[in-house]
Amino acid sequence: MSEQQSQSSGDIDTVMVETRLFPPSPEFSQAARIKSLEEYQELYDTAAKDPEAFWAAEAREHLHWFEPFTQTLQWETPDAQWFLGGKTNASYNCLDAQIAAGRGDRTALLWEGEPGDSLKLTFNELHREVCRFANVLKRLGIVPGDVVSIYMPMTPELAIAMLACARVGAVHSVIFAGFSAEAIADRNNDAGVKLQITSDGLYRRGKVLPLKATVDEALAKSQTVEKCIVLRRAGNEVAMQEGRDLWWHDLIAQESDDCPATPLDSEAPLFILYTSGSTGTPKGIRHSTAGYNLFAKRTFQWVFDHQEDDIYWCTADCGWITGHSYVVYGPLSAGATILMYEGAPNYPAEDRFWEIIEKYKVSILYTAPTAIRAFIKWGDEHVDKHDLSSLRVLGSVGEGINPEAWMWYYNKIGGGRCPIVDTWWQTETGGIMMSPLPGAIATKPGSCTKPLPGVVPKIIGEDGQEVARGRGGMLCIDHPWPGMLRGIWGDPERFQEQYWSKVPGMYLTGDNARQDSDGYYWIMGRIDDVINVSGHRLSTIEVESALVSHPAVAEAAVVAKPDEIKGQAIAAFVTLRVAEPTEELRKELLMHVRKEIGALAQPDAIRFTNSLPKTRSGKIMRRLLRDIASGKAQTGDTSTLEDYSVLASLRGDEE
Ligand code: WT7
């Protein structure tokens, strides 16, 4: 067994015993878009029989075309191009197309700020705001293909900035507002960013974090950035650099409401989003305009069974792919009313989410297992205070949801009447790949159930062949789908190497999975050195590099350890150059990682050691470190890492 398989075996054990089946109620199914397993199967089979014809029909019906496409797919591994010859615009699909369909006066966006302020924008109003800001971009000389970096709190202006970029053909690179100045500078430099957008500050649990100050530090190292637009949000003091920094409100004041969307090639890049891979530097995942937009829209409609009167709330930040696909592009291009919330789930109290659901009568909630586990810990009394009867569909994303959390979500939040859609996908896939369709597919706690129409998963063994039903293996995707990534920004070799070389002709997801006897899929964890902390991806090597960049550190090894709330937490083993292992140094290293990457990468534990256990060939024995970090390792004679190291080299262990 390889080390990766043994890593995920814990997950397998817990999900394999799960046999409970939760079919949707007949009332739910009758009113749903897709009403039965047979209907799902028919749709799936149609797509599987002729994927190109299927997606061509979908694209014609569900996107606006300034010019129709002439070729559905051009595919030569690893380069897929969809809907060639066509011209569309994602901002048009999200706004103008909705207004044309008579939704102008319907609510597009509901927003609640952390301090309790709120805002409501109709499609007409959102259109106006986006047009004005798109005119700002044009006035600043932004042309199609320019990259714009966005580092902002979850305010309406964040969505407005994204849609304005899309409107003029600029490629946005949203950086989650928890990342450090170093991380912003790395990403900006990699993408050759021309314009930065940020805000003065960000509210977090009643405090104001100085975003602009972080950006100032980043821009000192981002050579290509010419201008910086600053939104006034928190009112904190900022230093405006003459000639570079401009206030958002000053800029829009002089702009008109009219800015026709630029017709863009189907394959024009819509955005880049950086994510961690198994090596040190994050990769800029590049998504397209037409294919991505279509996939985000249709998967949104299928998975959440979206209906005209729904109030839909996805709690993800726009700094992650979930915020791109299921806060902004998917729902808005489906004409949905979205809710955005700026702040923490436990501010001012632990019932904030439930208060928001009651206040806005949210009917679809999409959140993450890590949040659900925190709610469970905070106690049912916070939930009991509120009327959650408006809810009808519950979603989960980011990591597998353990059956205990699933049952709590189902009973306590959903009142036993709301289907749970456990959605499996990735930054790279652009949209949801596997998930129950809530009116059609009976759920099993912990399983993402079945692939969506047009998605062809395959589970491949080490021998490169499909494994027998019931066996675990590498999860791959067999045929291109419109939402798939189009590449890694500036690095075609890494794109080929990472996703397309291990199993020729197929997209390698990096996850292990198995299919049960009902054909349901169960995700069993990563096959690479990627850690999933609170549903966010980090590479062990990225954190190791950050640690080693500190002058006191000689060597570092980072592994995941189980965590009740976060799913996985980071444990670091560190050897020092000359310094003494003090409590002070430990704190300094924690701060150093925060500074290099951001708070989310900060290890939960740092253990100092004289040497790291290595194999004869010099590879760090991560499996052993994982066992030690999670308290699984046998101690006794061999109670220190040094002893392990000696043992390992004596035995000549290879992983
Ligand atoms: C990785 C992708 C997809 C948006 C959020 C994370 C894990 C994600 C599930 C799920 C089991 C899941 C996988 C995947 N993952 N959703 N429902 N069940 N695992 O996006 O940062 O690109 O991470 O998250 O390991 O490969 P991401």
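The values are calculated or read from the model by the stated rules, or taken from the named source; none is laboratory data. All of these numbers come straight from a predicted model, not from anything done at the bench. Don't worry about glycine lacking a Cβ; one is built from the backbone with ideal geometry, like all the others, and counts go over all protein chains shown. Remember, those area values only see protein heavy atoms, side chains included, never the ligands or the DNA or RNA. Shrake-Rupley method; radii C 1.70, N 1.55, O 1.52, S 1.80 Å.
If you take all other residues with their beta carbon under 10 Å from the beta carbon of R298, and give Lys and Arg +1 and Asp and Glu -1, the sum is -1. Along the Cα-to-Cβ line of S517, 7 Å from the Cα, sits a label point; which residues in the range 19-38 have backbone N less than 20 Å from it? It comes to 19-23, nothing else. Charge tally around E58: other residues with Cβ under 11 Å, Lys/Arg +1 each, Asp/Glu -1 each, net +1. A cut-off of 5 Å between modelled amide H atoms, ignoring neighbours fewer than 5 places along the same chain, links H479 with V456.
How big is the charge dipole of the chain about its Cα centre, in debye rounded to the nearest 20, if each Lys and Arg gets +1 on its Cβ and each Asp and Glu gets -1 on its Cβ?
It works out to roughly 220 debye.
Gyration tensor analysis over the Cα atoms of the range 148-190 returns equivalent ellipsoid semi-axes of 19, 14, 4 Å (largest first, whole Å).
Couplings 3J(HN,Hα) of the range 452-466, computed from phi: 6, x, x, 10, 10, x, 9, 9, 10, x, 4, 7, x, 9, 5 Hz, in residue order, whole Hz [Karplus 6.51 cos²θ - 1.76 cosθ + 1.60, θ = phi - 60°; x for Gly and Pro]. Taking amide hydrogens as placed 1.01 Å from N in the peptide plane, the amide H of V553 sits under 5 Å from those of R577, each at least 5 positions away in sequence or on another chain.
At q = 0.19 Å⁻¹ the log10 of I(q)/I(0) for the range 306-459 amounts to -1.29, computed by Debye summation with a single uniform scatterer per C-alpha, solvent ignored.
Tell me the net charge near H172. Cut-off is 14 Å between Cβ atoms, H172 excluded, with +1 for each Lys or Arg and -1 for each Asp or Glu. Cβ neighbours under 14 Å give a net charge of +2. Taking all Cα-Cα distances within the range 506-553, those exceeding 13 Å account for 69%. A protection proxy built from the mean count of other Cβ atoms within 10 Å ranks the segments 587-593, 104-110, 463-469, most packed first, as 104-110, 587-593, 463-469.
For the range 461-485 versus the range 183-261, the spacing of their alpha-carbon centroids is 42 Å.
Our note on the geometry: Cα centres of the range 61-82 and the range 298-345, 25 Å apart.
Considering only A349, G490, V171, the residue lying farthest towards the positive end of the dipole of the chain is A349, judged by Cα position with unit charges set on Cβ.
Can you tell me the order of 430-438, 356-364, 408-416 when each peptide is scored by its average per-residue count of other Cβ atoms within 10 angstrom, highest first? Walk me through the numbers on the way to the answer.
Working: 430-438: 27.9, 356-364: 19.9, 408-416: 17.0.
Ranked from most to least packed, the peptides come out as 430-438, 356-364, 408-416.
When peptides 52-60, 236-244, 70-78 are sorted by average Cβ neighbour count within 10 Å, with the highest value leading, the order is 52-60, 70-78, 236-244. The slack in the chain from E242 to L37, taken as 0.36 nm per residue of separation less the alpha-carbon distance, amounts to 67.6 nm.
Compared with the alpha-carbon gap, the fully stretched path from D258 to K377 is longer by 37.9 nm at 0.36 nm per residue. 3J(HN,Hα) along the range 548-555, derived from phi through the Karplus expression 6.51 cos²θ - 1.76 cosθ + 1.60 where θ = phi - 60°, amounts to 5, 6, 7, x, 7, 9, 8, 8 Hz, with x in place of Gly and Pro.
Amide H contacts of G343: E114, each under 5 Å away and 5 or more positions distant or on a separate chain (H built 1.01 Å from N in the peptide plane; Pro and chain starts excluded).
Rounded to the nearest Hz, the phi-derived 3J(HN,Hα) couplings of the range 69-79 under the Karplus curve 6.51 cos²θ - 1.76 cosθ + 1.60 (θ = phi - 60°) are 7, 10, 9, 6, 8, 10, 9, 9, 2, x, 9, where x marks glycine and proline. Normalised by the number of residues in the chain, the average gap of Cα pairs under 8 Å and 6 or more apart makes the relative contact order 14 percent.
Solvent-accessible area of the chain (1.4 angstrom probe, protein heavy atoms only): carbon and sulfur portion equals 49 percent.
In terms of Cα atoms, the Rg and Dmax of the range 68-211 work out to 17.5, 53 Å. Sorted largest first, the spans of the alpha carbon positions of the chain along the three principal axes are 75, 63, 56 Å. Globularity index of the range 387-505 is 1.26 (Cα radius of gyration / 2.2 N^0.38 Å, N = number of residues).
Note that the chain presents 38 Å² accessible area per residue, ligands and nucleic acids not counted, probe 1.4 Å. Taking 0.36 nm per residue of separation and subtracting the current Cα-Cα distance, fully stretching the chain between R577 and A344 would add 79.9 nm. Unpaired cysteine residues in the chain (no second Cys Cβ under 4.7 Å): C94, C165, C228, C314, C318, C418, C448, C476.
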